Amino acid sequence: MKIFARCDDLAAVFAASGAAEPGLLLEGDWPAASTSSRLWSLDEAIDARAQWIDATAAWLAAELECGPSRVRSAAAATHALALRYYLVRLLRPIAFFQDAAARGGPGNLEFFGTPERDDDYAALLAMLAEREGQRLVVHWRPFSAVREPAPAEASTWRARLRPLAARTAGWLDRRPSPHASAARFVLCGNPRILDPLCSELVSRGADVAWLYEQFAFRSWLRWRPQGVGQWVCGAAPAPVSDIPPEHALPFGAAPPLLVRGVDLAGLVDRWLEQRCQHAGERWQGFQERLAARLRAARPRAIVLDQDATPLARTAIAAARELAIPTWVVQHGVTGVRFGFAPLAADRICVADEASRRQLRAWEIPDRRMHVTGSPARDELRRRLAAVCAPAPHPTGLPEPTLLLLLSNSPRDERPDSVTFHLTTRTATELLATVQSALRAWPGAHLLVKLHPREQRAAELRALLCSSSAQPVSIVAGPLERLLPRADVVLSCASTAGIDAAALGWPVIQLLPRGSGELLPADEYGLLG
């Protein structure tokens, strides 16, 4: 069997040659013209039937956080979310090779990759081959021979203003708060989630500050007139070359990390060490500066929109050292386990009973959950009423308007939750299904709202508008401006779709082929 890391030139040539031997693609899909039954891709083969991968990735990451090495545990805790995704990357090949038929029987394995980014795949395949009594041959290709996506360029004006903002952030925050004697709360996260909470706290006379790694001008402009401060605790990361090698390798011997007879400890340890090399001192410095702020201010609580990314985990660690409570406000629908379980903060405020039941199934105890509603949804209702939105139109109109809410496009190089099974191919199929339904519904008009962090906006716009005979419009803006224009909402497992259903709009959930039941229709008021 020939194994390719991704569908670069070699994999495409192999597929086009009609080779009789089997081939496996670890990331992405084979070219559309490849129809051989002996060509597999992990994106196709590993779907919701292998949901144990998601659960195992979350469990292993949590185990690493509780390990005997303090430095290893701190690294695993800080980079928890990325670690879970990396474990999914390692577990997918293990799941594939559990199936004797998929392995293609006994024989040699040949792997084609680039050493700078695929050495972990090579090491994992070597362990799998040894276990099955096979021989692995590795063919390394020059890194420059592989086409890399162009990195996103930072905004020019932001890049120029950032050094100035870093120097002036402390001075800008010296204005005294009108609530200096009130209970203080520190907010950290997405303003869309936490802005309504900030407004409520300010209206009740609380002293509030936002926590950032770098100065946030828009947040300062929005909240400083109301006396809300901003804590800027970040700094530029130290250059990798300036970090002594001995500082980057402090873990000691790694205990076994066995999954179905394969020990992942060495691969995971090396991944954590690389993270420490690139960001270890950066987050350590952030935690020290934040701890000094917390000791001086002694806030009543830190409130976050999630608790698995480095910024949030560093804030939680600093607060725990000083016995300051940490709370998470539910940041979206509980569709994928990675973003919610296991819970690192002390408590979580959940939007509804359906979310609590899901988190309970993920073994978060009831005593740590509080059903509070959703500040973001409450604010959405208020804004929708302010624009005098008409009641939702009855379904069955001859010329309906459909609002399609899309999730962020998948990335081949970072396998997502296997339960969701959103891959490049299944995402394309999802759009094709929508277009097919649109063509069968004369007079229908499609509005498409892309994910706010969508990196392929231009490509998706061209695809949707060029391949549909019906009118298609790419729309942007807040949900309360878009809902009144729609008769029916189509939601690709989107939080906005759940919000629309809660506001009374008919919502049909679209899920990729091979996904599990992420958001049960009867739990969230969906049509199906």
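Residues in the stretch 414-441 that are closer than 19 Å to T401 by Cα and surrounded by 19 or more Cβ atoms within 10 Å (Cβ to Cβ): L430, L431, V434, L438.
Being surrounded by fewer than 20 Cβ atoms within 10 Å (Cβ to Cβ), farther than 29 Å from L42 by Cα, at pLDDT 90 or above and not hydroxyl-bearing (S, T, Y): is that true of R381 here? It is false that R381 is surrounded by fewer than 20 Cβ atoms within 10 Å (Cβ to Cβ), farther than 29 Å from L42 by Cα, at pLDDT 90 or above and not hydroxyl-bearing (S, T, Y).
The single condition among (1) closer than 30 Å to P342 by Cβ; (2) open to solvent by 50 Å² or more (accessible area, probe 1.4 Å); (3) assigned to a strand (DSSP E or B) that W40 does not meet is (1). Residue count for the stretch 238-270, restricted to those that are modelled with pLDDT of 85 or more, touching a helix residue (DSSP H, G or I) at 6+ places or on another chain (Cβ under 8 Å) and open to solvent by 30 Å² or more (accessible area, probe 1.4 Å): 6.
Residues of the stretch 111-122 that are open to solvent by 10 Å² or more (accessible area, probe 1.4 Å) and farther than 17 Å from L42 by Cβ: P115, E116, D119. Summed over the stretch 207-223, the residues that are open to solvent by less than 10 Å² (accessible area, probe 1.4 Å) and either among the aromatic types (F, W, Y) or not in a strand (DSSP E or B) (or both) give a count of 2. The set of residues from the stretch 89-101 being hydrophobic (A, V, I, L, M, F, W, C), more than 14 Å from A265 (Cα to Cα) and in contact (Cβ under 8 Å) with a residue 12 or more places away in the chain comprises I94, A95, F96, F97.
In the stretch 287-300, the count of residues that are touching a strand residue (DSSP E or B) at 6+ places or on another chain (Cβ under 6 Å) and hydrophobic (A, V, I, L, M, F, W, C) is one or more. Of all the criteria given as (1) in a loop (DSSP other than H, G, I, E, B); (2) buried (at least 22 other Cβ atoms within 10 Å of the Cβ), the one not satisfied by D29 is (2).
Conditions tested, residue by residue: (1) surrounded by 17 or more Cβ atoms within 10 Å (Cβ to Cβ); (2) at pLDDT below 90; (3) under 26 Å from S199 (Cβ atoms); (4) aliphatic (A, V, I, L, M).
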{"position": "A279", "(1), (2), (3), (4)": "yes, yes, no, yes"}
{"position": "F286", "(1), (2), (3), (4)": "yes, yes, no, no"}
{"position": "A296", "(1), (2), (3), (4)": "no, no, yes, yes"}
{"position": "R313", "(1), (2), (3), (4)": "yes, no, no, no"}
{"position": "W327", "(1), (2), (3), (4)": "yes, no, yes, no"}
{"position": "G332", "(1), (2), (3), (4)": "yes, yes, yes, no"}
{"position": "F340", "(1), (2), (3), (4)": "yes, no, yes, no"}
{"position": "I348", "(1), (2), (3), (4)": "yes, no, yes, yes"}
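When each of A5, A45 is tested for being in contact with a helix residue (DSSP H, G or I) (Cβ under 9 Å, 6 or more places away or on another chain) and farther than 18 Å from G113 by Cα, the lone residue that passes is A45.
Of the helices (runs of 4 or more DSSP H) lying entirely inside the stretch 417-528, those containing at least 1 residues that are modelled with pLDDT of 85 or more, under 21 Å from the mean Cα position of the chain (by Cα) and not hydroxyl-bearing (S, T, Y) are 424-439, 495-502. The sole residue among P142, P151 that is at pLDDT below 85, closer than 30 Å to E413 by Cα and within 27 Å of the chain's Cα centre (by Cα) is P151. Residues in the stretch 485-510 that are in contact (Cβ under 8 Å) with a residue 24 or more places away in the chain, closer than 16 Å to H421 by Cα and open to solvent by 10 Å² or more (accessible area, probe 1.4 Å): A493, S494, L510.
The values are calculated or read from the model by the stated rules, or taken from the named source; none is laboratory data. Computed from a predicted model, the values in this text were never measured in an experiment. No Cβ is skipped: glycine too gets one built from the backbone with ideal geometry, and neighbour counts run over all protein chains shown. To get the accessible areas, we keep the full protein, side chains included, count just its heavy atoms, and leave off ligands, DNA and RNA. Shrake-Rupley method; radii C 1.70, N 1.55, O 1.52, S 1.80 Å.
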